[in-house]
Amino acid sequence: MAAQLELPAPPPTRFTERSQCAVVFDHLSRGLTLSQYEATVTYGITNLSQRVKELRQEGHRINCEWTRSETGKRYGRYRLVAA
């Protein structure tokens, strides 16, 4: 009989009670903007564009405003559009 391979447990997540979409929506609904960097550092969300896409599919209006950093790099900031 072959030995059973034991896989390590998945790392704990910061979102056991709330989905990442809920976290993003709550942030944006407070009138704040959110960039990919901020989402990763603050909330551990590494694919913000996908979360925004899912929120848009639920009917939320979210704009992406392109801006440049102090070093000249271009990045997007998401903002919830008031209804």
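The values are calculated or read from the model by the stated rules, or taken from the named source; none is laboratory data. What you see is a predicted model, and the numbers here were worked out from it, not measured in a lab. All Cβ positions, even for glycine, are placed from backbone atoms using ideal geometry, and neighbour counts span all protein chains on display.
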For region 55-67 the number of residues that are in a loop (DSSP other than H, G, I, E, B) and modelled with pLDDT under 95 is 3
The one condition in (1) modelled with pLDDT under 95; (2) surrounded by 14 or more Cβ atoms within 10 Å (Cβ to Cβ); (3) in a helix (DSSP H, G or I) that VAL52 fails to fulfil: (1)
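The rows are residues; the columns are (1) touching a residue at least 40 places away in the same chain (Cβ under 8 Å); (2) more than 13 Å from the chain's Cα centre (by Cα); (3) surrounded by 12 or more Cβ atoms within 10 Å (Cβ to Cβ).
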site	(1), (2), (3)
SER29	yes, yes, no
GLU38	no, no, yes
VAL41	no, no, no
GLU65	no, yes, no
When region 9-36 is checked residue by residue, the ones that are modelled with pLDDT of 95 or more, of a type in the set (Ser, Thr, Tyr) and not in a loop (DSSP other than H, G, I, E, B) are SER35
